[in-house]
Amino acid sequence: MLLSEIAILCRLARLTLDAGGDPLETFEGDYHTIRDRIARIVPGFHDFNARVTRPGGFQLPNPVNEGVFNTEVGKALFTRNESVVPRRPKVICCCRHCVRTTSGTPSPTPTTIATAASTAAATSSSSTRPT
């Protein structure tokens with residue numbers, strides 16, 4: 001039997017957070033109660049269950065649609081992150097055959113394969129560990 005996302009989340013919460021009973025059981029059984037709870041904190045979400053059935057539905061307030069940006073300068077601010085190029089492993093092992101990508105020459109010995117693989121693993125794991 002497939003479960004909805006809400007059912008999965010409610011059941012996980014009951015099992016892991018000692019948050020049994022109401023409202024989780026109510027949420028799982030009636031999505032309207034979830035929307036009523038959302039309406040308590042999300043501006044423009046009031047009376048959602050009735051308004052969503054009307055032709056055209058409704059639109060939540062979105063200051064950006066009105067050209068309002070809540071920034072110090074009153075405009076949209078854009079940023080650009082530095083791009084990170086992932087490093088390729090120096091050795092590719094496939095079907096018990098090892099090829100060095102740096103020199104292009106085969107390296108058939110198991111010792112070389114194990115050494116190259118452990119070196120590549122140590123290099124990649126040390127560069128991703130938090131300090």
- Task: Residue by residue through region 54-69, note down the ones that are at pLDDT 85 or above and either in contact with a Cys (Cβ under 8 Å, 6 or more places away or on another chain) or under 20 Å from TYR31 (Cβ atoms) (or both).
- Result: ARG54
- Message: Cβ contacts < 8 Å: first residue touching a residue at least 12 places away in the same chain (Cβ under 8 Å) and among the aliphatic types (A, V, I, L, M), restricted to region 56-71; second residue part of a loop (DSSP other than H, G, I, E, B) and open to solvent by less than 60 Å² (accessible area, probe 1.4 Å), any location; separation 6+ or different chain. Result?
- Response: LEU60/VAL42; LEU60/GLY44; LEU60/PHE45; VAL64/ALA76
- Filter region 15-48 for residues that are touching a helix residue (DSSP H, G or I) at 6+ places or on another chain (Cβ under 9 Å), among the charged types (D, E, K, R) and at pLDDT below 85 and give the result. GLU25
- Within region 25-42, can you find the residues that are out of contact with any Leu (no Cβ under 8 Å at 6 or more places or on another chain) and touching a residue at least 12 places away in the same chain (Cβ under 8 Å)? GLU25, PHE27, GLU28, TYR31, HIS32, ILE34, ARG35, ASP36, ARG37
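The values are calculated or read from the model by the stated rules, or taken from the named source; none is laboratory data. Computed from a prediction, not measured in an experiment: that's the story for all the values here. Here Cβ is always computed from backbone atoms with ideal geometry, including for glycine, and neighbour counts include all displayed protein chains. Please note that ligands, DNA and RNA were not included when accessible areas were found on the heavy atoms of the full protein model with its side chains. Shrake-Rupley method; radii C 1.70, N 1.55, O 1.52, S 1.80 Å.
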